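The values are calculated or read from the model by the stated rules, or taken from the named source; none is laboratory data. Everything numeric in this text was worked out from a predicted model, so none of it was measured. Note: ideal-geometry Cβ built from the backbone for every residue, glycine included; neighbour counts use all protein chains shown. In case anyone asks, the SASA skips ligands and DNA or RNA and just uses the protein heavy atoms, side chains included. Shrake-Rupley method; radii C 1.70, N 1.55, O 1.52, S 1.80 Å.
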Amino acid sequence: MDRPALHLAIAACLVLAGCSALGPDHTRDDRAESALADARDAVNATDTYRFDGDLRVVATADRRTERVAIDVNGSVDAAEHRMHSTAVRDGEAYESYVIDRTAYRQCGGPMGMDLWGVENVTADDWTTQTPAARQLALLESGSIYYNGTRTLDGREAVLLVGRPTTEALTKYQERRDRSLLSGPIVENATVRVWLDPKTSRPLRSAVRFEVSQGDNAASATVDVRFDDYDSGLSVDVPVIPSEKRSDLGCPG
């Protein structure tokens, strides 16, 4: 197993999670389904919000254990079809932007240097590419339960708990529509989403799952928080010189 590839794959697919295939029907609580539908409607009706999250991976391969920690924060302006995020790993920050149907990603590593990878975004509905919508999408397959109200950071929140199918978690797609995990088996996945009981907007999501391939294994946790809904924020896009752009995406 290519450990760095596995780590980056998990980071890419979960922080801005979205699945490409839905699995078979499972137990789906009616009240949970209704709350999920309300949450989708609330996100679709929201113009702007901020998000921040952290992803932790513990991977064991070739009798070695590695740990990866990635912190992410960003903002969404759905009204203007703009999104910005910053991912920080080992003290280095990498930015990315989505402007309408074009994504700009700051490349890292010796091959990327100061380049920005430029790619097209394919989606019928732009909102489905945003973090809140993609986290909710994880609850659209597999089992889902309504777990009543909980206290989250001192405020009341409705908790939905889902167990998505292995297929839904495994078949994430990266920018070139290739399978991100391409082989490893995803198991024991649990998704929790806390909603504002008045507005139905997501307040936080938490995903836990394990990945295995032969004798190699990894466990991953990703937590994302959402706030500042409709606060009037704006996403400013930097001017990227043409010589710094790579129309084929980031190298590697």
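State the number of residues belonging to segment 146-164 that are on the phi > 0 side of the Ramachandran plot and not in a strand (DSSP E or B).
Residues meeting the conditions: 2.
Which of the residues belonging to segment 195-222 are under 16 Å from the mean Cα position of the chain (by Cα) and open to solvent by less than 30 Å² (accessible area, probe 1.4 Å)?
202, 203, 205, 206, 207, 209, 220, 222
Select from segment 77-106 the residues that are among the β-branched types (Val, Ile, Thr) and touching a residue at least 60 places away in the same chain (Cβ under 8 Å) and list them in ascending order.
Hit for segment 77-106 is 99, nothing else.
Pull up segment 129-145, narrow it to residues that are more than 25 Å from residue 27 (Cβ to Cβ) and either in a helix (DSSP H, G or I) or more than 10 Å from the chain's Cα centre (by Cα) (or both), then point me to the one that is modelled with the lowest pLDDT.
129
Any idea which residue in segment 226-252 is most open to solvent (accessible area, probe 1.4 Å), counting only those that are in contact with a helix residue (DSSP H, G or I) (Cβ under 8 Å, 6 or more places away or on another chain) and in a loop (DSSP other than H, G, I, E, B)?
So the residue we want is 252.
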